[in-house]
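A short worksheet on the structure shown next.
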Amino acid sequence: MKKAPFPVGLVTLFIVAMFGLNSSPATAQESQCGSSAALIVQTAYPDGTKISDETYSVDGGTITLPADSIIDYTPDKMICRIWPANPHYRLVAVPLIYEQTDDATRGDLDLLVLDTETHAVAARTRLENMMSDDAVRIYRVAFDTAFYQLAPDRIAFGLRIVEEGSSRVNPFMLTTLWLFDMEGNDLSAILDNVTVDQRGGEWDGNCEGKFYATTRTLAMAPKAHNGVADIIVSTRSETSVSYQRDGQCTEALTDSPASTDHLTFDAGRYTVPQDLTRRW
């Protein structure tokens, strides 16, 4: 057990996490639609109807063009990133919002792989209800372009969905990872719903409380099954208890033993243990 002189548990973890999401270089890269955003929508959705300078109606839903800056970012806006592993392609995530209130959102997410120069659609897939939420709200959608090499000349890209709760005394944040494989004109999810970061807890809003944090990292393994590299998932977990002592808020941290899981590829996707996935 480790002790800290001040409460750096869940409160600090949340502040660091939220600040990092708003200011990281990866976040800035999501604005790589540039001045082509409207043209991308018009090319990918020829039957869409322009509603305003920022919105289009498509398939009964609304598409909103990207923010001018990361400060104005909201998760219902389209994002783009040049694919570093294949820079002649641009990755585009397009929220298609059917209904939105203060309490809930109902929507799908279109993933597109476009030719960087012509904006022609090379591959696409629609993730139904990916943008739907209620009490736990979607905070950010971001591409993960780490080098997920499945096989020679075959590289996947990732998508991370960050969700957060609204309670101050029961804070909660969750990040799930999906991996997508492009073969020809086909774009398919080969790894879905893996929780790579989860943190939360319960406290009195001042000091006393109990918190937890779990993080996972993925690494491609040299071993392969069915012609596709295995994935090694490493998990680290930490719990903390904050309490008043001698007029100061003190925290006791406990690290759980690290663990690893070996994911293998079968029948078109990776087999993932249930305890690594989002539970609802």
query = Do we have any residue at all in segment 99-121 that's out of contact with any Cys (no Cβ under 6 Å at 6 or more places or on another chain), over 23 Å from ASP53 (Cα atoms), touching a residue at least 60 places away in the same chain (Cβ under 8 Å) and surrounded by 14 or more Cβ atoms within 10 Å (Cβ to Cβ)?
reply = yes
ask   = Which residue, of THR254, THR260, THR239, THR176, is β-branched (Val, Ile, Thr) and closer than 22 Å to VAL92 by Cα?
value = THR176
query = So which residues in segment 197-256 are of a type in the set (S, T, N, Q), out of contact with any Phe, Trp or Tyr (no Cβ under 6 Å at 6 or more places or on another chain) and loosely packed, with under 14 Cβ neighbours inside 10 Å?
reply = ASN206, THR217, SER234, GLN244, GLN248, THR254, SER256
request  = Could you give me the residue pairs with C-beta distances under 6 Å whose first residue belongs to segment 252-264 and is assigned to a strand (DSSP E or B), whose second residue is among the charged types (D, E, K, R) wherever it lies, and which are 6+ apart or on separate chains?
outcome  = ALA252/LYS3; LEU253/LYS2; ASP255/GLU238; HIS262/ASP230
Which listed residue, of ALA156, ALA93, ALA122, ALA142, is assigned to a strand (DSSP E or B), in contact with a Phe, Trp or Tyr (Cβ under 6 Å, 6 or more places away or on another chain) and among the hydrophobic types (A, V, I, L, M, F, W, C) = ALA156
ask   = Among the residues of segment 123-140, which ones are of a type in the set (Gly, Ala, Ser) and either at pLDDT below 95 or surrounded by fewer than 18 Cβ atoms within 10 Å (Cβ to Cβ) (or both)?
value = SER132, ALA135
task = State whether one or more residues within segment 215-234 are more than 30 Å from ARG269 (Cα to Cα), in a strand (DSSP E or B) and either at pLDDT 95 or above or under 29 Å from the mean Cα position of the chain (by Cα) (or both).
result = no
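The values are calculated or read from the model by the stated rules, or taken from the named source; none is laboratory data. Owing to the predicted nature of the structure, the values given are computational and were not obtained by experimental measurement. Don't worry about glycine lacking a Cβ; one is built from the backbone with ideal geometry, like all the others, and counts go over all protein chains shown.
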